[in-house]
1. Right, residue 63: at negative phi and surrounded by 11 or more Cβ atoms within 10 Å (Cβ to Cβ) or not?
2. Could you list all residues from region 87-104 that are more than 18 Å from the chain's Cα centre (by Cα), within 30 Å of residue 23 (Cβ to Cβ) and in a helix (DSSP H, G or I)?
3. Do we find that residue 85 is surrounded by 10 or more Cβ atoms within 10 Å (Cβ to Cβ), of a type outside the set (S, T, N, Q), in contact with a Lys or Arg (Cβ under 9 Å, 6 or more places away or on another chain) and within 30 Å of residue 103 (Cβ to Cβ) in this structure?
4. Looking at region 105-114, can you tell me whether even one residue there is assigned to a helix (DSSP H, G or I), surrounded by 11 or more Cβ atoms within 10 Å (Cβ to Cβ) and at pLDDT below 85?
5. Find all pairs meeting these conditions: Cβ atoms under 9 angstrom apart; at least six residues apart or on different chains; first residue within region 59-84 and farther than 14 Å from residue 19 by Cα; second residue loosely packed, with under 11 Cβ neighbours inside 10 Å and of a type in the set (D, E, K, R).
6. Name the helices (runs of 4 or more DSSP H) wholly inside region 1-82 in which the number of residues that are modelled with pLDDT under 85 is 3 or more.
Amino acid sequence: MLTKFWDKIGEGLSARWLEYLFSPALLFWGGGLLLAVFFCIGFAPAWDWLSSRDLPTQTALLLAGVGLLFLSSKLMEQVRFPMLRLLEGYWRPPLAWLAAPLRRWQWRRIQKGRER
């Protein structure tokens, strides 16, 4: 009975970890790391440096990478909807004073486009 409980807990956690690991954060950080290594260092020296480290250091680097993916994924989860609302034009009071002039500027652009 208890083993079934732990199996279900493990399945749920593994699904959540896979969701966090294979997220847009992986594409962002992995792509950025690959570009930095390719243009700044080169793959062969970077691979030689990584393979020359001992197992605890490699494990720590792997765990740090997974932690970075997890934290940036959680951060984007928290910031996604407020940023979307900001980009849609629903501005909060510190930036509300800027909304009216930008709306007028956009309205003038629309009117000029219609006149053309």
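1. no
2. 88, 95
3. Yes: the conditions hold for residue 85.
4. no
5. Within 9 Å, the pairs are 82/92.
6. Result: 2-21, 24-36.
The values are calculated or read from the model by the stated rules, or taken from the named source; none is laboratory data. All of these numbers come straight from a predicted model, not from anything done at the bench. Every residue, glycine among them, receives a Cβ derived from its backbone with ideal geometry; neighbour counts consider all protein chains shown.
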